[in-house]
1. Out of the residues in region 86-113 that are aromatic (Phe, Trp, Tyr) and open to solvent by less than 50 Å² (accessible area, probe 1.4 Å), which is nearest to the chain's Cα centre (by Cα)?
2. Name the pairs: first residue in region 4-32 and more than 18 Å from Ser93 (Cα to Cα), second residue surrounded by 13 or more Cβ atoms within 10 Å (Cβ to Cβ) and of a type in the set (Lys, Arg), Cβ to Cβ under 7 Å, at least 6 apart or on different chains?
3. Which of the residues spanning region 114-159 are aliphatic (A, V, I, L, M) and open to solvent by less than 50 Å² (accessible area, probe 1.4 Å)?
4. How about region 160-171: which of its residues are open to solvent by less than 70 Å² (accessible area, probe 1.4 Å), of a type in the set (Gly, Ala, Ser) and touching a Gly at 6+ places or on another chain (Cβ under 8 Å)?
5. Go through region 141-171 and give me each residue that's touching a Ser or Thr at 6+ places or on another chain (Cβ under 9 Å) and assigned to a strand (DSSP E or B).
6. Considering each residue of region 11-45, count those that are within 22 Å of Arg60 (Cα to Cα) and buried (at least 18 other Cβ atoms within 10 Å of the Cβ), and give that number.
7. Which of (1) of a type outside the set (Phe, Trp, Tyr); (2) exposed (fewer than 14 other Cβ atoms within 10 Å of the Cβ); (3) at pLDDT 95 or above; (4) within 20 Å of Phe34 (Cα to Cα) does Leu83 not meet, given it meets every other one?
Amino acid sequence: MKTNTVPHYDDSINTTGCCAKFNPDGWDRQELHFRDKPFLRATTRSAMHVPLNMGQVFTRVGTRMAENGAVDLDNWLILSRDLSAWQSEHLFSTDKDIPDEEMTTLSGDFITKVFEGPYNKAKDWHEQMQELVRADGKVPGRVFFFYTTCPRCAKAYGQNYIVGIAETLAA
């Protein structure tokens with residue numbers, strides 16, 4: 001893939017009025033290359049890794065991005081990772097600055113893997129992502145997850161796709 005691009009997010013099926021049904025085609029085993037790729041950064045509170053205000057934060061950020069014309073489905077990606085048992089970080093891909101929101105950039109090389117299953121498997125998937133990087137002869141860095149649908153929509157669609165995105169560092 002070219003620098004600062006992500007696979008296309010297909011939103012053509014949306015029967016819930018909330019999250020589109022995720023189409024995993026083109027997302028598995030992709031190499032992503034970011035150089036100062038812009039993101040809106042937000043954090044959520046957790047209790048022992050269980051999100052407490054994720055819906056509130058995602059709604060606020062989604063609304064702010066839409067109001068500022070910053071939603072681009074050819075650039076759609078939300079990277080999430082736990083900073084601790086009490087806080088998570090979420091990076092929303094965008095090419096526009098959003099007033100009154102924290103903006104940041106991300107640089108590095110990453111590899112993706114599509115998983116399907118309940119959110120409580122994330123710990124196992126985290127380890128699988130690190131092993132995937134090692135199998136390519138690299139050193140694993142940060143591991144993010146792209147939660148493609150909210151729990152309610154995952155239940156409605158009968159599938160819960162989550163994309164693991166692991167940073168690959170030179171050995």
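1. Phe92
2. Going by the 7 Å Cβ cut-off, the qualifying pairs are Ile13/Lys21; Asn14/Lys21; Asp28/Lys113; Arg29/Lys113.
3. Val114, Ala122, Met129, Leu132, Val133, Val143, Ala154
4. Ala166
5. Gly141, Phe144, Phe145, Phe146, Tyr147, Tyr161, Ile162, Val163, Gly164, Ile165, Ala166
6. Final tally of qualifying residues: 10.
7. Condition (4) is where Leu83 drops out.
One line per residue, one yes/no per condition, for (1) in contact with a helix residue (DSSP H, G or I) (Cβ under 6 Å, 6 or more places away or on another chain); (2) charged (D, E, K, R):
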residue	(1), (2)
Ser93	yes, no
Lys123	no, yes
Glu127	no, yes
Leu132	no, no
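The values are calculated or read from the model by the stated rules, or taken from the named source; none is laboratory data. Note that the coordinates shown come from a computational prediction; the quantities given were computed from them, not determined experimentally. Reconstructed Cβ throughout: ideal geometry from the backbone, glycine too, with neighbour counts over all protein chains shown. These area figures cover heavy atoms from the full protein model, side chains too; ligands, DNA and RNA do not enter into them. Shrake-Rupley method; radii C 1.70, N 1.55, O 1.52, S 1.80 Å.
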